[in-house]
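Notes follow the structure.
Each reported figure results from applying straightforward, stated rules to the coordinates on display, with no laboratory input. For clarity, every value in this text was computed on a predicted model and none was experimentally measured. Note: ideal-geometry Cβ built from the backbone for every residue, glycine included; neighbour counts use all protein chains shown.
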Amino acid sequence: MLSSIILPILFIIIIALSIKCYRHSRRIHEIRRVIRSFSQGDFSSRMVLAPSDRLGDVALNINELAQEIQRRLQEMTNEKEKLEAILSNMAEGVLVISAQERLLHLSPRFLDMFEVRSQDWSKKYYWEIIANQTINESIREAITHKKVLRRNITLVHPQEIFFTVLISPVMDASGVLMSVVAVFHDVTEFKKYERLRTEFVANVSHELKTPLTSIKGFVETLQAGAIDDKTHALRFLDIIAKQTRRLEDLVQDLLILSSLESKDVKMNFIQSGVASVISSVVLMKKKQMEEQGQTLEVDIAPDLPFILMDTQRMEQVFLNLLDNAVKFTPAGGKIKIKAGIEKRHIRVDIIDNGPGISSENLSRIFERFFRADKSRNQETGGTGLGLSIVKHIVEAHQGTVNVESTLGRGASFSVYLPLDMI
């Protein structure tokens, strides 16, 4: 009788225990599954929570841990993406190389600057990708000696390109090398301006020295007794006066050019007519052209519209161009001025039949102190700055100026001024 009661109860207990063990086993299996997902980098897996589950606290803690890890990973990913975006959009080229000498980052700007052996660079050894020996040797030295290095790199393409590179080791708190960062700056423009500055100083010194030497020599001659010879004294004084005017012209042009380049000069833009400016310039040079037997033809389209311009500055532009034409056109030669509309611009051409300009000099004709024919320019007394001044003034009017010429067949300078300035 007693056994008939106990046996069912034991059976029920065994079944209950089996169910509970099964449930625990299933939960443990679920915990293992979630942890296995974590180990594979998937932190999106979650435990199912049950209110009466004794492993509920464990499941809750696992879920909270996964959520926190996922949040921190997302923060790290966001920071990494921000850093990569900054490095990729820097004007400088950037390399990041691990202590194991593998490429961690290579910016698009670096690819623009230098030749690489492959576009598939990630995790590759830097020397497998970078073709420049100076860069590779510098990186190796920085990694080996764990020190900051600065190097200058020159590439010779169709033209020289100059770079500076700063390579910096990145150390952890215990002084162990983690990576090196190399930043490349393109300093070609700086080198160009440095060279121009050096040439400018040398040219100014030369231009000042020539008339000063002449003035000094004739003054000393007069002081030595030539002043008593009236005929020679007057001739020497004429030469001194001519050289003094040359110095004045040079200083004046230097001041104008300096103010234009530094943007100190504010243009006085008003609605004006190109025809009236050209007429004023022609009047200034008329006597000189008549004395040299030169013929001037002026062809200005009727009803040219007024445009915004600084009339004083544009007068200087056309005066400089016409003065050049007069200087280099032989006696009895012909000069022509044309003005008309072309593609939303007023185009003004000043054409001469002088000696012309060689093709190799055309690209440099607007440089400061550049002279296509130095001996001829010494005779005419030019400062070598007139065309550079022309270019700066025209560009300040949002226009352009160019030249076409064939050696021995004259030159044609063209000025384009917009009908509507922006």
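Just a few scattered comments:
- Between the range 178-219 and the range 145-168, the alpha-carbon center distance in angstrom: 22
- Förster radius 60 Å - calculated FRET efficiency between Glu248 and Val176 (Cβ-Cβ, nearest 0.05): 0.30
- Restricting the calculation to Cα atoms, the range 90-186 shows an Rg/Rh of 0.96 when the hydrodynamic-style radius is the Kirkwood one.
- Cα principal axis extents for the range 191-265, largest first, Å: 53, 25, 13
- Computed from the Cβ-Cβ distance with R0 of 25 Å, the FRET efficiency linking Val156 to Trp127 stands at 0.70.
- Footprinting exposure proxy ranking of Lys338, Lys287, fewest other C-beta atoms within 10 angstrom first, gives Lys287, Lys338.
- Among Phe163, Phe190, the ranking by other beta carbons within 10 Å of each residue's beta carbon, starting with the fewest, stands as Phe190, Phe163.
- Percent of C-alpha pairs per 5 Å bin in the range 195-340, short distances first: 2, 8, 12, 13, 13, 15, 14, 11, 6, 4, 2, 1, 0.
- For the range 90-186: relative contact order, % (alpha-carbon pairs under 8 angstrom, 6 or more apart): 28
- Charge tally for Arg117 (other residues, Cβ to Cβ under 13 Å; Lys, Arg +1; Asp, Glu -1): -2.
- Overall dimensions of the range 268-422 by Cα: Rg and Dmax, Å: 14.9, 43
- Loop sites in the range 100-178: trypsin sites (Lys or Arg not before Pro), DSSP, at most 10 other Cβ within 10 Å: Lys123
- Each peptide in 224-234, 288-298 receives the mean, over its residues, of other Cβ atoms within 10 Å, and ordering these scores from highest gives 288-298, 224-234.
- Separation in nanometres of the label points that stand 7 Å from Cα toward Cβ, at Ser258 and Lys191: 2.9
- The gain in end-to-end length when the Leu208 to Gln70 segment is fully stretched comes to 42.3 nm, 0.36 nm per residue minus the alpha carbon separation.
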